[in-house]
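The values are calculated or read from the model by the stated rules, or taken from the named source; none is laboratory data. Fair warning: this is a prediction, and the values are worked out from it, not measured in the lab. Don't worry about glycine lacking a Cβ; one is built from the backbone with ideal geometry, like all the others, and counts go over all protein chains shown. Protein only, heavy atoms only, side chains kept; ligands, DNA and RNA dropped before computing areas. Shrake-Rupley method; radii C 1.70, N 1.55, O 1.52, S 1.80 Å.
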Amino acid sequence: MSERRDTPEQAEFRRHCRRWLAENKPAPPPFRMPIAAIEVMTEEQRRWLCAWQKQCYDAGLVGSDYPKEYGGGGHKGFQAIATQELGRAGVPFMINVIGLGMAAPTILNHGTEEQKRRLLPPLLSGDEIWCQGFSEPNAGSDLAGAQAAAVRDGDHWIINGHKVWTSLAHFASWMIMLTRTSSDDKYKGLTYFIVPIANTPGVTVRPLIKMTGETGFNEVLFEDVRVPDTLRVDAVGKGWTVAMTTLLYERGAAEGAGSGGGASLDDQIKALVALAKRTPRGPGTAWDDAVVRDKVAALAVRAEGLRQNGRRARVEALCDHPMRLPLQQKVLVSELLQDMAGVGVEIAGPWSTLYFGDPNAPDAAHWPHAHMNSYGFTIAAGSNEIQRNILGERVLGLAKSK
């Protein structure tokens, strides 16, 4: 069976995306661009990236497949094309990555009509930033162990608890949040809420300083925070089911409301080659070292394997299990990025100890920065160890881990 082809309408949309991106690709910003949306730290970065998302939204490249009444383009099968073209053009990423990739599809699938009409348009345009309140201190990757409590009080809920590793909470207007509403059952005692966190009494957002020296992650504390019942998503006790929808999209098993942009794997391979060719090594450069060339070639082979897996995912007959490829891709991409950064540090050698602000730092200190950040990507969306357990148990049918 051949790979799916664009319909005439999709082909015209692809041409529109390419034309628009060629004419509107922004010049480099007056600041160091973060590696990813979850690394956005300053107000200057936020404003610039929000303006870029708004431009893309207005051009129809974000929310393309969402219904028009919820601020979308009202199309079918257009978002994947826009995402592909954004990546191909090498333009900046969308800042509202959690909103677009997780909150929007969750609200679309489980939200009320009122929630969809109020929340989705500013989410898609980037006017309101979202974050995700799943992780908690001492819970590790045990999402069902969430202890942040929501107690009913008439038409409201009172929330107390502590969330952590909350990317973009320092800019977010809203949080998608998993809470415990009953201790009788680990899974059926969970309820899912949309919580306003910007300037909300009882909500405290504290930045966490990473080993890169930057913020981006936060911890968020809730002390008697009142949330109207109208912001509950789905029924009381259905939080685990709703959270699984969020994770389905977070792990890439389905197309969200948009993303794209940022450096591609190909871009990073090319950057490694360029770094090796200008880094002194003995009488020549690092690129003269066969061991270095072999390592870069091995990374390029892995990147090509991931690209082919992406093609395979678009051919229904080649997908024997709905979770296999998304889970594989999450594990393999995060580990490939970590290994790429590691090879970059190795090639740069002692120069990799130079950091931001040092004019002699190769590639403006990208490689040591990416290497330190890469450990977070192998933990995010459920650690890779958890992903391997899920692959073993649910895809390969192995015995459940204890």
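Among the residues in segment 9-17, are any touching a helix residue (DSSP H, G or I) at 6+ places or on another chain (Cβ under 7 Å), at positive phi and either open to solvent by less than 20 Å² (accessible area, probe 1.4 Å) or of a type in the set (Gly, Ala, Ser) (or both)?
The initial filter retains those residues of segment 9-17 that are touching a helix residue (DSSP H, G or I) at 6+ places or on another chain (Cβ under 7 Å), namely 10, 13-14, 17.
Retained after the next criterion (residues that are at positive phi): none.
No.
Please go through segment 18-32 and give me each residue that is open to solvent by 60 Å² or more (accessible area, probe 1.4 Å) and either of a type in the set (D, E, K, R) or not in a helix (DSSP H, G or I) (or both), ordered by number.
Within segment 18-32, the first condition is being open to solvent by 60 Å² or more (accessible area, probe 1.4 Å), and the residues that meet it are 18-19, 22-23, 25, 27-28, 30, 32.
Residues satisfying the conditions are Arg18, Arg19, Glu23, Lys25, Ala27, Pro28, Pro30, Arg32.
Find the helices (runs of 4 or more DSSP H) located wholly in segment 319-400 whose residues include 2 or more that are within 26 Å of Val273 (Cβ to Cβ) and either open to solvent by 40 Å² or more (accessible area, probe 1.4 Å) or among the β-branched types (Val, Ile, Thr) (or both), and list them. Can you show your working first?
Details: elements: 324-348, 366-377, 384-390.
Fully inside segment 319-400 and qualifying: 324-348, 366-377.
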Which one is modelled with the highest pLDDT among residues in segment 254-272 that are part of a loop (DSSP other than H, G, I, E, B) and open to solvent by 70 Å² or more (accessible area, probe 1.4 Å)?
Ala263
Residues of segment 273-296 being outside any strand (DSSP E or B), out of contact with any Lys or Arg (no Cβ under 8 Å at 6 or more places or on another chain) and open to solvent by 70 Å² or more (accessible area, probe 1.4 Å), which ones?
Lys277, Arg278, Gly282, Pro283, Val291, Arg293, Asp294, Lys295
Note down all Cβ pairs under 6 Å where the first residue falls in segment 285-299 and is within 9 Å of Val273 (Cα to Cα), the second is at pLDDT 95 or above, and they're at least six residues apart or on different chains.
Trp287/Ala276; Trp287/Lys277; Val296/Leu272
Applying the selection to segment 3-34, what residues are at pLDDT below 90 and within 25 Å of Ser64 (Cα to Cα)?
Glu3, Arg4, Arg5, Asp6
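Would you pick out the residues in segment 181-194 that are part of a loop (DSSP other than H, G, I, E, B) and crowded, with 24+ Cβ neighbours inside 10 Å?
Looking only at segment 181-194, we keep the residues that are part of a loop (DSSP other than H, G, I, E, B), and these are 181-189.
Answer for segment 181-194, where residues must be part of a loop (DSSP other than H, G, I, E, B) and crowded, with 24+ Cβ neighbours inside 10 Å: there is none.
Picking from Pro121, Pro137, which residue would you name as being over 21 Å from Thr204 (Cα atoms), touching a residue at least 24 places away in the same chain (Cβ under 8 Å) and surrounded by fewer than 24 Cβ atoms within 10 Å (Cβ to Cβ)? Spell out how you get there, then give the answer.
On the way: Pro137 fails: over 21 Å from Thr204 (Cα atoms).
Selected residue: Pro121, the only one of Pro121, Pro137 that is over 21 Å from Thr204 (Cα atoms), touching a residue at least 24 places away in the same chain (Cβ under 8 Å) and surrounded by fewer than 24 Cβ atoms within 10 Å (Cβ to Cβ).
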